[in-house]
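Notes follow the structure.
The numbers here are math on the coordinates, done by the rules we state, and not lab data. Bear in mind the structure is a predicted one, so any value in this text is a computation, not a measurement. Neighbour counts run over all protein chains shown; Cβ positions are idealised from the backbone, glycine included.
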Amino acid sequence: MSNIESPQTITITRPDDWHLHLRDGAAMASVLPHSARQFARAIVMPNLKPPVTTTAMASAYRDRILAALPADMQRAANRFEPLMTLYLTDNTEPDEIRRAMDTGFIHAVKLYPAGATTNSDAGVTDLAKCYKTLEVMQELGMPFLVHGEVTDQDIDLFDREAVFIERVMRPLRRDMPELKIVFEHITTKDAAQYVAEADGPIAATITAHHLLYNRNEIFKGGIRPHYYCLPVLKREEHRLALMTAATSGDERFFLGTDSAPHAIGAKETACGCAGCYTALHAMEMYAEAFDRAGALDKLEAFASFYGPDFYDLPRNEGTVTLKRESWTLPATVALGESALVPLNGGEQINWKML
Ligand code: DOR
Ligand code: ZN
């Protein structure tokens, strides 16, 4: 194979992670350097306990993140910048959005349908209750990050994203056509097609694990809790549709890892938490996915251009280099006093960020 078809190294503009769970306290201090090494900026999810529902809480959380950053990641060339978000509730006031916008460091508001996933109990019970607030977001250009799953227990788990499009996304976009929306961590061909064909300001993030794996992975030879996340991995036809979207060069699709740390004990148990930890090797995973599709030339725009363009932020300066090199990922890493198992922990992977 020629070098052009299969390069041994690729150098791209520093990427960003447009969907990340950092947690708080000692756990945050453990995982933050992983993301800060891989990415220049990250959209930080607000699903803490209690959730980050106000500008004051987001400001304090941001200070804690900055204080926990290793010194070399606070300095110019290696600087990591947390981009903060607010957690929408039935009671979020329009003025809270104005205050958030004025800070310059709160970049989005997150929708967790109540009961959809980890720490979503305080989430929205009915979007109609939030319309006044959403109207202000539309007016100010504040992006709305949507966990796109209905929560009705009578809807099959694997259908919840497709049903969300019909029941929630279409009516919302009909009523608020100028609202900037990111359909987060899409997992189906239905969502990929919906976003690709939609008019107006909508985009989608795609995780590395949804590009690399289908739902068989959760059940290979036994139940594998580290592959369990929400929205759950889907059939192969959906994975293929996500690969097509990510490698298409369409600016509506960009990188969001949804890396979500949980202690080993919370994953390897009778009722394990949802979330895949990929912050350690996210860019390596994306490189693997794009490489398999023969589309490494499309990785830079997906990882480093389309996100900031959508959020009206400047693209990063500086570069990162990924090398085709086999190495073994640690089986576990620290998570505060405990430990977590990264996705692919203890396995060999084919790319390495230098
Ligand atoms: O798998 C997931 N983990 N999906 C989510 O939506 C939340 C996340 C978490 O916070 O653990
Ligand atoms: Zn998430």
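Numbers below:
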{"quantity": "Efficiency of FRET from Cβ geometry, D121 and L66, R₀ 25 Å, rounded to 0.05", "calculated": "0.30"}
{"quantity": "Residue with peak Gaussian network fluctuation, the chain [Cα springs, cutoff 10 Å], from C276, C130, C229", "calculated": "C130"}
{"quantity": "Within region 253-281, backbone nitrogen closer than 12 Å to the virtual label 7 Å beyond the Cα of E337 toward Cβ", "calculated": "none"}
{"quantity": "Charge dipole (the chain, unit charges on Cβ, about Cα centre) - positive-most of A191, L343, M137", "calculated": "L343"}
{"quantity": "Stretch gain in nm, segment N78-D175, where the contour uses 0.36 nm per residue and the Cα spacing is subtracted", "calculated": "30.7 nm"}
{"quantity": "Helix-only CD estimate at 222 nm, as mean residue ellipticity for the chain, using -39500 (n - 2.57) per DSSP H run (n ≥ 4)", "calculated": "-8000 deg cm²/dmol"}
{"quantity": "Proximal charge balance of Q153 [Cβ under 13 Å; K/R count +1, D/E count -1]", "calculated": "-4"}
{"quantity": "Förster-model FRET efficiency, 30 Å R0, E135 and I155, C-beta, rounded to 0.05", "calculated": "0.60"}
{"quantity": "Gaussian network model of the chain, springs between alpha carbon atoms under 10 Å - residue of E236, E184, E139 with greatest fluctuation", "calculated": "E139"}
{"quantity": "Pair D297, E166: separation of 7 Å Cα→Cβ label points (nm)", "calculated": "4.0 nm"}
{"quantity": "Spin-label model distance (nm) - T319 vs R98, 7 Å beyond Cα toward Cβ", "calculated": "4.7 nm"}
{"quantity": "Theoretical gain in end-to-end length, M353 to A114 [0.36 nm per residue, Cα-Cα removed]", "calculated": "82.3 nm"}
